[in-house]
């Protein structure tokens, strides 16, 4: 699949089969993510692969909900069930104080640039995931609400 075709046909899947993801397919998409450009090649990203059902359920609880249209009440994130169903979840984390820093000091007045680097890595991961003929769904969780995230990292 060509990149432009992958971009134009990307979908967010919310129902997954229990079919396991092969280690080869997983290695391929993680390598694509690792190959993304980053600030001074700092590669601040860290990826945690979660296959454990209980840990996926805990991660699902951290997904950010959305406001109901008619009130200030937050509704649960509809993707939580998809996360629980998926054969695996890849948690993208950023090691803080690397991207946008030189010798331990911020290089600009904008501080940490990890969001740019993570976005580039995730884009590589997503479009290479398409090549494996497997399905995916990007989700966003509240930062550091899960014990699986290493210290000094943000998910």
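We did not get these values from a lab; they are worked out from the coordinates using the rules stated. It should be emphasised that the depicted structure is a prediction, and the values quoted were computed from it without experimental measurement. All Cβ positions, glycine included, derive from the backbone under ideal geometry; neighbour counts span all protein chains shown.
See the values below:
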| read-out | value |
| --- | --- |
| Computed FRET value (nearest 0.05) for residue 106 with residue 15, which takes r as the C-beta separation and R₀ as 41 Å | 0.45 |
| Separation of the residue 88 and residue 55 label points, Cα + 7 Å toward Cβ, nm | 1.2 nm |
| Nearest-0.05 FRET efficiency for residue 115 and residue 4, computed from C-beta distance (R0 25 Å) | 0.50 |
| Volume in Å³ per residue [convex hull over Cα atoms, computed for segment 57-124] | 150 Å³ |
| Peptide ranges 34-44, 118-128 listed from the most packed, as the mean C-beta count within 10 angstrom indicates | 118-128, 34-44 |
| Label-point separation, residue 123 to residue 22 (7 Å along Cα→Cβ), nm | 2.9 nm |
